[in-house]
Each structure stands twice: as C-alpha cells, then as structure tokens.
Amino acid sequence: MTPFKTTYGALTPLKMLPGVAGFAAVLMAAPLHAQTPPDAGQLLREQPKAPSVVPATPAPIAPAAPAAEPDAGPRVLVKGFRIQGALLISEAELVAQLQDVVGKELSFRQLQGTASHLIAYYAQKGYLARVVLPPQDVKDGIVVLQVVEGKRGSLRIDRQGERLDSARVERLIDGRLASGDTMDIARLGEALNILNEQPGIEAKAALAPGKGEAEIDLVVTAADKPLTNYSLGINNQGSVGTGKEQANGSISINNPTGSFDAASLMLNASQGATFGRADYSRAVGDGGLRLGVNASRLDYRLVQSTFAALRGQGSASTVGLTASYPLARREDFNLSFTAAADGKQLIDRTVAGETGNRNVTVASLGLDGYRVDGPDSLLSGGITRFGTSLVVGNSDQRNRAALTADRAGRQVQGGFSKLGYSLGRLQSLTETWSIDAGLRGQFAGKNLDSTERFSLGGPGGVRGYPVGEASGDEGWLFNASLNYRMNDSVGLSTFVDAGGITINRRTWAGWNAGTPGLSNSYELAGAGFGFDWRPSKSILINATLAGPLGSNPGRDARGRDSDNDTGTRSWLSLTAQF
C-alpha cells in the first residue's frame, strides 16, 4: 500500500480502452476533461447517503430553587464561612464562591441565598447537592453551611408505550449512573442523551427525595415515538449524465421489536437512474453500541445528449456492515466512533460491450463530534464541528481490456488508502444572524477508484458548478455562509464556495495527451444566495442561485462545464416528511 503524503498528485480523464475500439473512438471525440462520461462508481458516489445519528441534547437537569423566605428579622455581620460535609469540592473552593458577601450584614433570607448559591455552584460542576443553613449561634461572624452531596437512590421507569423494553432502559441508565453513585448531572445527562438517540424513543428524567438523607431517586419517563416515518421529495440535484430531475422517498420503522432497532428503505429515481438502499441496525449491549447491515442497488443509463452514441449503461451493487459508539455525550461535547465495511460490484457497458467489471472492498474507521462554547470560551455562542476518517480498500478489475488500460495508465488496481478530514464552525452573531463555515477534504495514498474520489461541483460543494464537476483523487472544499432567520419559517443566506482538486495522485507519461491544456491540480470558486421556507411543520422548500467566480480550467473546448452549460445555476428541492 502506498504511504500517505501531504503533497497533491493529479486526476485523469477516463482512459481509452484499447481492447474496445468502438468505445475508444467515441471517447476520443470528446476533446476535453469536462466531457468525460460518468461511470457506475461516480454515479454511486453521488447517490443520497443514509442519515447519520444526530446526537440528542436533552435539557440539563438541575435542582428546584428553594422557596423564598421573608426578608425580615435580625442581621448578622458575616466575617467568613465554614463548610461541613463537602467531599466532591474542597471547602476552600466553596468558601471562595461566597467572598462577595463577607464583611456585609445579611438577613436570614440572604444567608439562605448563600446556600442556594452553593447549590448552583455544585450544579455548575455537574453534581446535585443540598446546602442548608443549620440552626446555630453565629460566633465571631463565622457562618456554618451544611452540605449533603447527593447519591443516586432508586430508579423507576415510567413506561408509556407498547414497544418499550423497560428492563433495557433501566440497564442503560444503570450503566452510566448506578445506584449509590454520586449524582453526577453530566453522567445522567449522557445516559438520557444516548437513550434519546435510540430510534422510536423519547425519554426524560425527574428527581425525587430518596429514603436516605443524601439519596435522590430517579424517575425516567420513556415513551414510544411514532413507529414509522415517511418522506417524499423532488429536486434537480442529480447527475447530468443520468438526469438532473430526481424524485425520492423513504420509510423508516422505529424500534419495531423493542430492542432499540430500526429499519429503513430509500428510493431515488431520475430519467436514467434508479437507486435503492435498505438498512437495518440495532443496539448491542447497554452502552450505546449500534451494529447495522445495509444493501443497495443502482441501475443507470446515460441520457445526456453528448454521450448518446455510447449508449452507456451499468449497475452498482453493494452490501455493508456498520458500527457506531458514543464516546462522549455531554451537554457541551459530543464524540462518536464509527466503523464500516463495504463490498461493491460495479459494471459498465457501452454499445461496444462491457467496458468495466470490478469489485471494490472498503473498510473505514472514523471519529466525529462537536463542541459547544462554554462560558469561559474565547468565543461564545457557537458550535465547532470536526471529523476524520481512515479508509483502506482494494479494487479488483475483472475486465481484461479495462485492466490492460489501467496498468498502462492510472494503475488503480490493487490496494488503496485515503484520509478524510472536516472542520466547521457555526457562530451565532445575534438572535437572527449567524455564520456557518466549514472545510473538508481528503488525501490519497495512490490513484483511487471512482467510488472513492472527491468532487467539487454540486449543491453540497461549489454550488456554481454541476454535480460531479472537477473530480480527483485528492481535494479540499471550503463553504461559508451568512444566514438570516426572518422567522421560524423563512431563512435567507448568502455564501461563497471554493475548492481544489488533484486529478491524479500519480501522473504518468501522456496522461493528458488528449487534453494538453489541462493541469493536474486546479481550483474552482463560486458564490450565490439561498432561501429556505417551511410552510408547514412537514414541508421544507430550498432554493439556491449560484454562479462561478473565475474560470473553470476543466471546461471543454467550447468553454462549457460538464453539463454543457455555463453561468449561473439554480438548485431546488422540496421535501415532505410525515
């Protein structure tokens, strides 16, 4: 396997297959890179992905505020405090929180307020505690406060639904916060967070006095969410090779067996392509681990007039395994581990016969998460997103002519590896204005199969260019938008996009013989405006108008992009969820 390097290589036009003379002749008639026909691998890469688990963020749990007492009676000159019963936080640290009132005369109500202040400080540190002002004769101005640090007492599950497994809910909570443990709000919140991520479940917790003085009982209300969810949509975000206009639909079945499982089916169709994917996953154990299986099928034919003579068609079939585990699910920090293994069979044909028949196997490991700004952060009011992934695999071309062409050119055959990364920031400016910016990309160890390459164009990339524009083994993409929320239903944005690709990680003699003006590495940029409207809770409409900034080095001889067009592009989508 070729080791990683941080320098870019290059991307290539599809190589002419010398063993298929008719196909080679048609390809040679397309003089520039922008007019290379897509294959099954590229079209598979452009299909919708299964939705990822979005970490839940339940409201923080905090003790109720004590009832206010009349501000009457004698006052005491406070010269200091003595804290009794504190184990989780040092006495010196607690006393330091009360220095603002030292040297002042306080009423009984104000003294109780110091106890409430320490309760809030315990909560800020992630613990539940009672702080009381015991009966006392204040001597030398020293006020005694008694701390009772909470321990988790009993756990009761309030089951509201037919599909819920109460025992499983109880085991998940116990695994994060067992009976007798310090009542750690962060650990309790993490347990509820993981529980709320399970399909078809909604959970919340309430606290109640326990039998012992320090015990806090936990009552978790767990309810069934709807068994099924549906979505229907239309958009113009497909590949020009198989038709831009697409219709799609999906159905999800949530927790049908009570084992925190989920099944889904997704279909996507355009003029020249049909794609379907089925997924099933379930929780394994009681710590949040999920395992899944999936399968998909793509059948396509090229409908773009540029490639009509090719009569290109093909298919892609995949099967896969997935795993995910929540490493952290705190209120201000989330981190997930993911793993996957996939097998893909890709077949391409033209009027001249089969032009490719390969099997691609892939394994990946990934980390992704986000961090919410805290009160002591340099910046505030924002969320930082991050992620990285390592992919290794093998491409096995079984078509003899395609394999011969590959050995003479790109040399994709065999093992490969790539490293992906992403970093983003959502920054609130006011209640209605925000900035969202992100950078993502990949490095490759060698020239990659088309299923693993990086593309710049499309509604998720440089929006001034068509889907699939500028594909390469390595690349980077930057998106930034200024967003304005008019109200809960309508949002406006203006954005700028930029990216760069290296067409081939490794070039070879004559790689651009048919396109001598094409550089192995180049950049694209664009800018535009966006609009989103939610006329009802279940319907979302998105519209984007974008145009290029600068020129496209990968354009054809007529100065056109891969969709035979130039200038501005509009992206439209309508989605209904039920």
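When segment 371-386 is examined, which residues are found to be of a type outside the set (D, E, K, R) and in contact (Cβ under 8 Å) with a residue 40 or more places away in the chain? Don't jump to the end; show me each part of the working.
Let us first name the residues in segment 371-386 that are of a type outside the set (D, E, K, R), namely 372, 374-375, 377-384, 386.
Residues satisfying the conditions are V372, G374, L379, G381, G382, I383, T384.
Residues of segment 526-572 being over 22 Å from Q42 (Cα atoms), surrounded by 18 or more Cβ atoms within 10 Å (Cβ to Cβ) and among the hydroxyl-bearing types (S, T, Y), which ones?
Listed by number, the list holds a single entry, T544.
Is it the case that L188 is in contact (Cβ under 8 Å) with a residue 24 or more places away in the chain, within 22 Å of G126 (Cβ to Cβ), assigned to a strand (DSSP E or B) and of a type in the set (A, V, I, L, M, F, W, C)? Outline the logic, then answer.
Numbers: in contact (Cβ under 8 Å) with a residue 24 or more places away in the chain: yes; within 22 Å of G126 (Cβ to Cβ): yes; assigned to a strand (DSSP E or B): no; of a type in the set (A, V, I, L, M, F, W, C): yes.
Considered against the rule, which asks whether it is in contact (Cβ under 8 Å) with a residue 24 or more places away in the chain, within 22 Å of G126 (Cβ to Cβ), assigned to a strand (DSSP E or B) and of a type in the set (A, V, I, L, M, F, W, C), L188 comes out as no.
Working only within segment 211-232, note down all residues that are buried (at least 19 other Cβ atoms within 10 Å of the Cβ) and more than 30 Å from A86 (Cα to Cα).
Answer for segment 211-232, where residues must be buried (at least 19 other Cβ atoms within 10 Å of the Cβ) and more than 30 Å from A86 (Cα to Cα): just A222.
Under 9 Å by Cβ, and 6 or more places apart or on different chains, what pairs join a residue from segment 89-108 that is at positive phi with one that is surrounded by 16 or more Cβ atoms within 10 Å (Cβ to Cβ)?
Final answer for the pair search is G103/V78.
Restricting to strands (runs of 3 or more DSSP E) lying wholly in segment 283-397: which have 1 or more residues that are within 15 Å of the chain's Cα centre (by Cα), over 30 Å from W433 (Cβ atoms) and modelled with pLDDT of 90 or more? First the steps, then the outcome.
On the way: elements: 290-301, 313-329, 333-350, 353-372, 382-397.
Fully inside segment 283-397 and qualifying: 313-329, 333-350, 353-372, 382-397.
Please verify whether R330 is in contact (Cβ under 8 Å) with a residue 12 or more places away in the chain and in contact with a helix residue (DSSP H, G or I) (Cβ under 6 Å, 6 or more places away or on another chain), treating the condition exactly as stated.
Details: in contact (Cβ under 8 Å) with a residue 12 or more places away in the chain: yes; in contact with a helix residue (DSSP H, G or I) (Cβ under 6 Å, 6 or more places away or on another chain): yes.
Considered against the rule, which asks whether it is in contact (Cβ under 8 Å) with a residue 12 or more places away in the chain and in contact with a helix residue (DSSP H, G or I) (Cβ under 6 Å, 6 or more places away or on another chain), R330 comes out as yes.
State whether the residues of segment 314-329 include one that is within 18 Å of G41 (Cα to Cα) and hydrophobic (A, V, I, L, M, F, W, C). Lay out the reasoning, then the answer.
Let us first name the residues in segment 314-329 that are within 18 Å of G41 (Cα to Cα), namely 314-320.
Narrowing the set further to residues that are hydrophobic (A, V, I, L, M, F, W, C) leaves 316, 319.
Yes, because at least one residue in segment 314-329 is within 18 Å of G41 (Cα to Cα) and hydrophobic (A, V, I, L, M, F, W, C).
Listed here are the residues, each with its yes/no results for (1) of a type in the set (G, A, S); (2) assigned to a strand (DSSP E or B); (3) in contact with a strand residue (DSSP E or B) (Cβ under 7 Å, 6 or more places away or on another chain).
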position	(1), (2), (3)
L172	no, no, no
V240	no, no, no
G243	yes, no, yes
A247	yes, yes, yes
F275	no, yes, yes
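Within segment 205-235, can you find the residues that are more than 18 Å from I185 (Cα to Cα) and either more than 23 Å from the chain's Cα centre (by Cα) or among the β-branched types (V, I, T) (or both)? Even if it seems obvious, please write down each step before you answer.
So the first thing to find is which residues in segment 205-235 are more than 18 Å from I185 (Cα to Cα), and the list is 211-213, 222-235.
Hits for segment 205-235 are K211, G212, E213, A222, A223, D224, P226, L227, T228, I234.
Could you list, in sequence order, the residues of segment 132-158 that are crowded, with 16+ Cβ neighbours inside 10 Å and either within 30 Å of L227 (Cβ to Cβ) or under 32 Å from the mean Cα position of the chain (by Cα) (or both)?
Correct list: L155, I157.
Scan (1) over 21 Å from A546 (Cβ atoms); (2) in contact with a strand residue (DSSP E or B) (Cβ under 6 Å, 6 or more places away or on another chain) for the single condition V496 breaks and write down its number.
Result: V496 fails condition (1) only.
Tell me which residues, restricted to segment 107-131, are surrounded by 17 or more Cβ atoms within 10 Å (Cβ to Cβ) and aliphatic (A, V, I, L, M).
Correct list: L111, A115, L118, I119, L128, A129, V131.
Between a first residue in segment 548-576 that is closer than 18 Å to P459 by Cβ and a second residue that is modelled with pLDDT of 85 or more and among the β-branched types (V, I, T), which pairs have beta carbons less than 7 Å apart while being 6 or more apart in sequence or on different chains?
Once the first residue is closer than 18 Å to P459 by Cβ and sits in segment 548-576, its partners that are modelled with pLDDT of 85 or more and among the β-branched types (V, I, T) give S562/V240; D563/V240; S570/T544; W571/T544; L574/I234; L574/I541.
Mind listing whichever residues of segment 292-314 are in contact with a strand residue (DSSP E or B) (Cβ under 8 Å, 6 or more places away or on another chain), buried (at least 17 other Cβ atoms within 10 Å of the Cβ) and either among the hydrophobic types (A, V, I, L, M, F, W, C) or touching a residue at least 60 places away in the same chain (Cβ under 8 Å) (or both)?
N294, S296, L298, Y300, L302, L310, G312, G314
Just name the residue that is surrounded by the fewest Cβ atoms within 10 Å (Cβ to Cβ) out of those in segment 321-354 that are more than 14 Å from R301 (Cα to Cα) and of a type in the set (S, T, N, Q).
Q345
Hey, does segment 471-492 have a residue that's buried (at least 22 other Cβ atoms within 10 Å of the Cβ), of a type in the set (F, W, Y), under 28 Å from P37 (Cβ atoms) and touching a residue at least 24 places away in the same chain (Cβ under 8 Å)? Even if it seems obvious, please write down each step before you answer.
Let us first name the residues in segment 471-492 that are buried (at least 22 other Cβ atoms within 10 Å of the Cβ), namely 471-475, 477.
In the following step, the residues that additionally are of a type in the set (F, W, Y) were identified as none.
Within segment 471-492, none of the residues are buried (at least 22 other Cβ atoms within 10 Å of the Cβ), of a type in the set (F, W, Y), under 28 Å from P37 (Cβ atoms) and touching a residue at least 24 places away in the same chain (Cβ under 8 Å).
Of the residues E197, E202, E245, which is free of Cβ contacts under 8 Å to residues at least 24 places away in the same chain and either over 25 Å from the mean Cα position of the chain (by Cα) or over 30 Å from Q304 (Cα atoms) (or both)?
Working: E197 fails: free of Cβ contacts under 8 Å to residues at least 24 places away in the same chain; E245 fails: free of Cβ contacts under 8 Å to residues at least 24 places away in the same chain.
Among E197, E202, E245, only E202 is free of Cβ contacts under 8 Å to residues at least 24 places away in the same chain and either over 25 Å from the mean Cα position of the chain (by Cα) or over 30 Å from Q304 (Cα atoms) (or both).
Out of the residues in segment 477-494 meeting the condition of being part of a strand (DSSP E or B) and of a type in the set (S, T, Y), tell me which one is farthest from T566 (Cα to Cα). Give the derivation first.
Here is the first cut: in segment 477-494, the residues part of a strand (DSSP E or B) are 477-485, 490-494.
Still in the running and of a type in the set (S, T, Y): 481, 484, 493-494.
On the way: S481: 23, Y484: 29, S493: 23, T494: 21 Å.
Filtering segment 477-494 for residues that are part of a strand (DSSP E or B) and of a type in the set (S, T, Y), the one farthest from T566 (Cα to Cα) comes out as Y484.
Condition (residue is at pLDDT 95 or above and of a type in the set (S, T, N, Q)) applied to segment 544-566: is it met by at least one residue?
Of all residues in segment 544-566, those at pLDDT 95 or above come to 544-549.
After this cut, where a residue has to be of a type in the set (S, T, N, Q) as well, the list is 544.
Yes, there is a match, as at least one residue in segment 544-566 is at pLDDT 95 or above and of a type in the set (S, T, N, Q).
Take the residues in segment 149-182 that are small (G, A, S) and touching a residue at least 40 places away in the same chain (Cβ under 8 Å), then tell me which one is nearest to G288 (Cα to Cα). Lay out the reasoning, then the answer.
Just the residues of segment 149-182 that are small (G, A, S), to begin with: 150, 153-154, 161, 166-167, 175, 178-180.
Now restrict to residues that are touching a residue at least 40 places away in the same chain (Cβ under 8 Å): 150, 153-154, 161, 166, 175.
Numbers: G150: 26, G153: 23, S154: 22, G161: 21, S166: 16, G175: 10 Å.
Once the filter is applied, the top-ranked residue is G175.
Looking at L195, is it within 29 Å of N255 (Cβ to Cβ), aliphatic (A, V, I, L, M), modelled with pLDDT of 90 or more and not in a helix (DSSP H, G or I)? Explain how you work it out, then say what you get.
Details: within 29 Å of N255 (Cβ to Cβ): yes; aliphatic (A, V, I, L, M): yes; modelled with pLDDT of 90 or more: yes; not in a helix (DSSP H, G or I): no.
No.
With the condition being touching a Gly at 6+ places or on another chain (Cβ under 8 Å) and closer than 30 Å to L106 by Cβ, I'd like the strands (runs of 3 or more DSSP E) fully within segment 129-168 carrying at least 1 qualifying residues.
On the way: elements: 129-132, 142-149, 151-160.
Those strands (runs of 3 or more DSSP E) span 129-132, 142-149.
The values are calculated or read from the model by the stated rules, or taken from the named source; none is laboratory data. A quick note: this is a predicted structure, and the numbers were derived from the prediction, not measured. With ideal geometry, Cβ positions are generated from the backbone for all residues, glycine too; neighbour counts draw on all protein chains shown.
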